[in-house]
Amino acid sequence: MPNMKPDKTPMPAQDPIVRSGNFEEVEYGYTHEMALEEAQRCLQCKHAPCMTGCPVHVQIPNFIKCIIDGDMDLAYDTIRQTSSLPAVCGRVCPQERQCEKICVRGIKHEAVGIGRLERYVADWKMKNGSLEIKKAEPNGHKVAILGAGPAGLTCAGDLCAKGYDVTIYEALHTAGGVLMYGIPEFRLPKEIVQKEIDGLRESGVKIETNMVIGRVLSIDELFEMGFEAVFIGTGAGLPRFMNIPGEGLSGVYSANEFLTRINLMKAYLHDYDTPINRPKCVAVIGGGNVAMDAARSAKRLGAEKVYIVYRRSEAEMPARLEEIHHAKEEGIIFQLLHNPVAIHGDEEGHVTAIECVKMELGEPDESGRRSPIAVEGSNFNLEVDTVIMAIGNSPNPLICQTTDGLEDRRGCIVVDDHMKTSREGVYAGGDTVTGAATVILAMGAGKDAAAAIDEYINSK
Ligand code: FAD
Ligand code: SF4
Ligand code: SF4
């Protein structure tokens, strides 16, 4: 008999007041009893609608059944058949818009906690199981991957499993992409990402860091070095600004820079002397996951007041519901229907205030969201010492600028249905193709590209 409780089994978490002063993971994860209770809420639907909501089609009812049967190794293997980073996706996937959105239990009550169960299985495997590394027979073909984010890592893992000699070239000194430099420790512990990367290395993937392709080496040079195909997974790391007066003042950050200083340059550790503004009063502009991460990180650095300034209402916020909920619990102040028009500073050029206007929602725009309209004469100043821009990122133009014949549309590399670019032997996927999106979509693109590269090289 399934467990017909209407709500998800609650997830144990750190107390909001305690956690807003530390960078440790917010949620502790299910115990075995909790996982079992939640797994029993699944109706094992024959047609598994939840699977159609997952971009990589994880076999959801099958892995949940394995939890009920107590076969955790099989539960893990079932997820791993289609998802390369289950411990990551279980934590950061926007499940409420993907698998859980279509779960039949969600029609009347709360959906099955698919992400929570996925995290439980992945964590169990890391603690109790040995992650067997299977080395494939070398097939004699070389492939280069640009970027060690979820797209590049997935593409590399799949090709390596087929026997390819794979080298990832990563611009930063650490592999992992946004998983390492963007998403904070309290949401995704770096140890988990590092374990996944170590596993890939052990399986034979070579990772060369501090290699900015387009500067140190070009794609043409990679072909001259004997690589038969190239996958571009360089993400969307170029921050956008609003082009309002005062953006050049000291104390204005892009969210990427602020989070990189905290995560990669370890400003969250007290014994690191990382150069960063330790703010007292912060305005974070934007309403997505990046904005929530920046705001919650600023709070943990010791800020007394942290505002989220967003020009639409909460219903239009693109951030995951869980992040919004956690941010509110931690005391982040939501200034909804507000838009910044200028940043003001003192004589020394440091931020003192952000000038906002109030907004009203008008008719839906081309994105389907109601467009915000400024209320005339509603300007006011919010006193802050730091402003963090989290209004979106675009792909860095370097690769397109340094590669002949690589077509792009508004900065995003153009690919066909098989992830193939306009250049022979060059494939691309993840945020560099779609613009800023999600981890699971980037992983899915890396998988599709690996299959397409394999077919291309075999057909030569
Ligand atoms: P990236 O992860 O950006 O990796 C690209 C890699 O390429 C980077 O390591 C970069 O250094 C490297 N690179 C760039 N240029 C070059 C070059 N010229 N040569 C060599 N290497 C290069 N998604 C979710 O699903 N859930 C979330 O909760 C979530 N939260 C997020 C929070 C933040 C703060 C941010 C910034 C993003 C978040 N996302 C989230 C989005 C998600 O992280 C991205 O969609 C995903 O990481 C894209 O993967 P990718 O492999 O395409 O690119
Ligand atoms: Fe859901 Fe993400 Fe897991 Fe797919 S990978 S089942 S979308 S949590
Ligand atoms: Fe289980 Fe929901 Fe999927 Fe049905 S739709 S199989 S209840 S997770």
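In region 16-47, the qualifying residues are those that are within 16 Å of ligand 3 (Cβ to nearest atom) and farther than 19 Å from Ala122 by Cβ, and the one that is surrounded by the fewest Cβ atoms within 10 Å (Cβ to Cβ) is Lys46. Sub-6 Å Cβ pairs linking a first residue in region 39-57 that is in contact (Cβ under 8 Å) with a residue 24 or more places away in the chain to a second residue that is assigned to a loop (DSSP other than H, G, I, E, B) and among the β-branched types (Val, Ile, Thr), at least 6 apart or interchain, are Arg41/Val112; Cys42/Val112; Cys45/Val104; Val56/Thr82; His57/Thr82, ordered by first then second residue. Scanning region 171-179 turns up no residue that is of a type in the set (Ser, Thr, Tyr), crowded, with 22+ Cβ neighbours inside 10 Å and touching a residue at least 60 places away in the same chain (Cβ under 8 Å). Regarding Phe231, is this residue more than 30 Å from Gly29 (Cβ to Cβ) and touching a Cys at 6+ places or on another chain (Cβ under 6 Å)? In short, yes. For region 102-153, taking the residues that are touching a helix residue (DSSP H, G or I) at 6+ places or on another chain (Cβ under 9 Å) and among the β-branched types (Val, Ile, Thr), the one that is farthest from ligand 2 (Cβ to nearest atom) is identified as Val143.
Table: residues versus (1) within 10 Å of ligand 2 (Cβ to nearest atom); (2) in contact (Cβ under 8 Å) with a residue 60 or more places away in the chain; (3) within 26 Å of the chain's Cα centre (by Cα); (4) open to solvent by less than 50 Å² (accessible area, probe 1.4 Å).
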residue	(1), (2), (3), (4)
Ile67	no, no, no, yes
Tyr76	no, no, yes, yes
Ile79	yes, no, yes, yes
Leu85	yes, yes, yes, yes
Glu100	yes, no, yes, yes
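Among residues of region 255-279 that are among the hydrophobic types (A, V, I, L, M, F, W, C), those with a Cβ under 6 angstrom from a residue that is open to solvent by 50 Å² or more (accessible area, probe 1.4 Å), sequence gap 6+ or separate chain, pair up as Ala255/Val290; Ala267/Arg261; Ile276/Arg261.
The values are calculated or read from the model by the stated rules, or taken from the named source; none is laboratory data. Keep in mind the model is a prediction, meaning the values are calculated, not measured. Heads up, the Cβs are rebuilt from the backbone with ideal geometry, glycines too, and the neighbour counts pull from every protein chain shown. These area figures cover heavy atoms from the full protein model, side chains too; ligands, DNA and RNA do not enter into them. Shrake-Rupley method; radii C 1.70, N 1.55, O 1.52, S 1.80 Å.
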